[in-house]
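Heads up, the thing below is written out as C-alpha cells.
Since every read-out is calculated from the coordinates, none of them should be taken as a lab result. Everything quoted here is computed from the prediction, not taken from an experiment. Positions of Cβ are backbone-derived with ideal geometry, glycine not excepted, and every protein chain shown enters the neighbour counts.
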Amino acid sequence: MDEPGIQEVVVEYEDNGKTVQTSYTITVKEIPVTLTYISLSGTYQREFELGEEFNSNGLIVKAHYSNGSSKVVEPKSISGYNMDKPGDYEVVVLYEENGKTVQNYYEITVKNGISFLVDISLSGNFKTKYFVGESFSSDGLVVTAEYSDGSFEEVD
C-alpha cells in the first residue's frame, strides 16, 4: 500500500485441511499534494515616503501544501499600493502553482513627506514658582514638538 499502482491481493481460506485461494487486483493511487496557502515573513519595509519606489526586499513568501510540507517561493505578483498618494495600503501578494492561485496581504503606509508642527508638550523637572525680580531658568525643562506625520522631536 506504500507504492502507487496495481496490486494483487491474495485471499486464502482453510477448512478441514483443505486450502482454497483466490486473488483480485486493486489500484493504489497517490494522494495529490496541493497548494493550500502562502505565509509572509521576514524583515521588509512597511513605511515609505511619498514618491519613493516600492520594494519588497526582505519579504519571505512560503508556500504550504496539503501534505504539511512547505517551501520558500517567488511571488507571481505584488500589488495594491500607490506610491504617489499618501495613505495606508493593503499589499496583495499572489503565488500561482499548477493552475492554483493563493494570496496573502500585509499593510504599508505611504507618508505624506510634508510635515508641520501640530503641538508642543512640556515635561521634566523644572521650576514653576518664582519670586518677583528672580531670573527665569529653563533648567530641567524638556520641550517636545509633535508633527503632522506623527513624529515627535525634543526641541530647544
- Query: Val11 passes all but one of (1) surrounded by fewer than 10 Cβ atoms within 10 Å (Cβ to Cβ); (2) assigned to a loop (DSSP other than H, G, I, E, B); (3) on the phi < 0 side of the Ramachandran plot; which number fails?
  - Reply: (2)
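Quickly run through the stretch 75-103 and pick out the residues that are part of a strand (DSSP E or B) and of a type in the set (A, V, I, L, M, F, W, C).
Result: Ile78, Val91, Val92, Val93, Leu94, Val102.
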- All conditions in (1) surrounded by 12 or more Cβ atoms within 10 Å (Cβ to Cβ); (2) in a strand (DSSP E or B); (3) charged (D, E, K, R) are true of Asp119 except (1)
- Query: Conditions: (1) surrounded by 11 or more Cβ atoms within 10 Å (Cβ to Cβ); (2) assigned to a strand (DSSP E or B). Asn67 meets all but one. Number of the miss?
  - Reply: (2)
- Of residues in the stretch 111-133 being farther than 21 Å from Glu47 by Cα and of a type in the set (Phe, Trp, Tyr), the one farthest from the chain's Cα centre (by Cα): Phe131
- Query: When only residues in the stretch 35-64 that are among the β-branched types (Val, Ile, Thr) and either surrounded by 14 or more Cβ atoms within 10 Å (Cβ to Cβ) or more than 10 Å from the chain's Cα centre (by Cα) (or both) count, which is nearest to Ser115 (Cα to Cα)?
  - Reply: Val61
